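S.K.: Take this structure first; my questions come after.
The values are calculated or read from the model by the stated rules, or taken from the named source; none is laboratory data. Note that this is a predicted model, so its numbers are computed, not measured. In this analysis, Cβ positions are derived from the backbone assuming ideal geometry, glycine residues included, and neighbour counts consider all displayed protein chains.
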Amino acid sequence: MKLQNNILLFVLAFGFPIFWQRGKFAIFPHWFETRGLTSRITGWPIHHGHWGLLYCAVTALRTMFFGPSVPWTCVFLLGSGLIIDELPAYACSARGDGRAKELQIYESSLPAVLGLACAGEVAIMICAAFSPLYR
């Protein structure tokens, strides 16, 4: 793959989960008021940020043993996007305030998330442009 294709792929992999989650929240906010499938099955309050941490951890372990690759870098960036999307809500929510307060914080954190996403996209482009691993 050419470098330009990799940069586009990396930018899309990072941005997709942010815009997917924010789009769902804008169009179907009632989905966020109920527990997700994983939470219903396990009983644990699992959010998409937790899935992002899992994706990043698995990818980091895989990269340590087998080296970097474009598909696994995309999985890492998907996880990073999921984490960035929930980071302001995690940072601002107090324990015990309830789901309504958490959703209010999630809704009001859109400008912060977009700022972090833009900074992340620029960092991805710079790192990919200078990285010898993806040329």
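S.K.: Scan the range 89-108 for residues that are of a type outside the set (Gly, Ala, Ser) and either over 17 Å from the mean Cα position of the chain (by Cα) or at pLDDT 75 or above (or both) and jot them down. Walk me through how you get there before you give the answer.
M.R.: Of the range 89-108, the ones of a type outside the set (Gly, Ala, Ser) are 90, 92, 95, 97, 99, 101-107.
Scanning the range 89-108 gives 92, 95, 97, 99, 101, 102, 103, 104, 105, 106, 107.
S.K.: Can you pull out the residues in the range 20-38 that are part of a helix (DSSP H, G or I) and surrounded by 14 or more Cβ atoms within 10 Å (Cβ to Cβ)? Quick ask: steps written out before the conclusion?
M.R.: Keep residues of the range 20-38 that are part of a helix (DSSP H, G or I), which gives 20-27, 29-33, 37-38.
Across the range 20-38, the qualifying residues are 20, 21, 22, 25, 32, 38.
S.K.: Would you please name the residue that is nearest to residue 85 (Cα to Cα), looking only at residues in the range 39-55 that are without any contact (Cβ under 8 Å) to a residue 24 or more places away in the chain and not in a loop (DSSP other than H, G, I, E, B)? Give the derivation first.
M.R.: Keep residues of the range 39-55 that are without any contact (Cβ under 8 Å) to a residue 24 or more places away in the chain, which gives 39-46, 50.
In the following step, the residues that additionally are not in a loop (DSSP other than H, G, I, E, B) were identified as 39-42, 50.
On the way: 39: 19, 40: 22, 41: 23, 42: 23, 50: 11 Å.
Once the filter is applied, the top-ranked residue is 50.
S.K.: Does the range 1-14 include one or more residues that are in a helix (DSSP H, G or I), within 18 Å of residue 110 (Cα to Cα) and at pLDDT 90 or above?
M.R.: Yes, some residue in the range 1-14 is in a helix (DSSP H, G or I), within 18 Å of residue 110 (Cα to Cα) and at pLDDT 90 or above.
S.K.: Taking the stated definitions as given, is residue 62 in a helix (DSSP H, G or I), among the basic types (Lys, Arg) and surrounded by 14 or more Cβ atoms within 10 Å (Cβ to Cβ)? Before the answer, list the steps.
M.R.: On the way: in a helix (DSSP H, G or I): yes; among the basic types (Lys, Arg): yes; surrounded by 14 or more Cβ atoms within 10 Å (Cβ to Cβ): yes.
The answer is yes for residue 62.
S.K.: Among 74, 118, which is the only one that is closer than 21 Å to residue 132 by Cα and modelled with pLDDT of 80 or more?
M.R.: Details: 118 fails: closer than 21 Å to residue 132 by Cα.
The match here is 74.
S.K.: Mind checking which pairs have a first residue in the range 15-34 that is within 11 Å of residue 110 (Cα to Cα) and a second that is part of a helix (DSSP H, G or I) and of a type in the set (Ser, Thr, Tyr), Cβ under 8 Å, 6 or more apart or different chains?
M.R.: Within 8 Å, the pairs are 25/106.
S.K.: Give just the number: which of (1) surrounded by 14 or more Cβ atoms within 10 Å (Cβ to Cβ); (2) at pLDDT below 90 does residue 44 not satisfy?
M.R.: All conditions are met except number (1).
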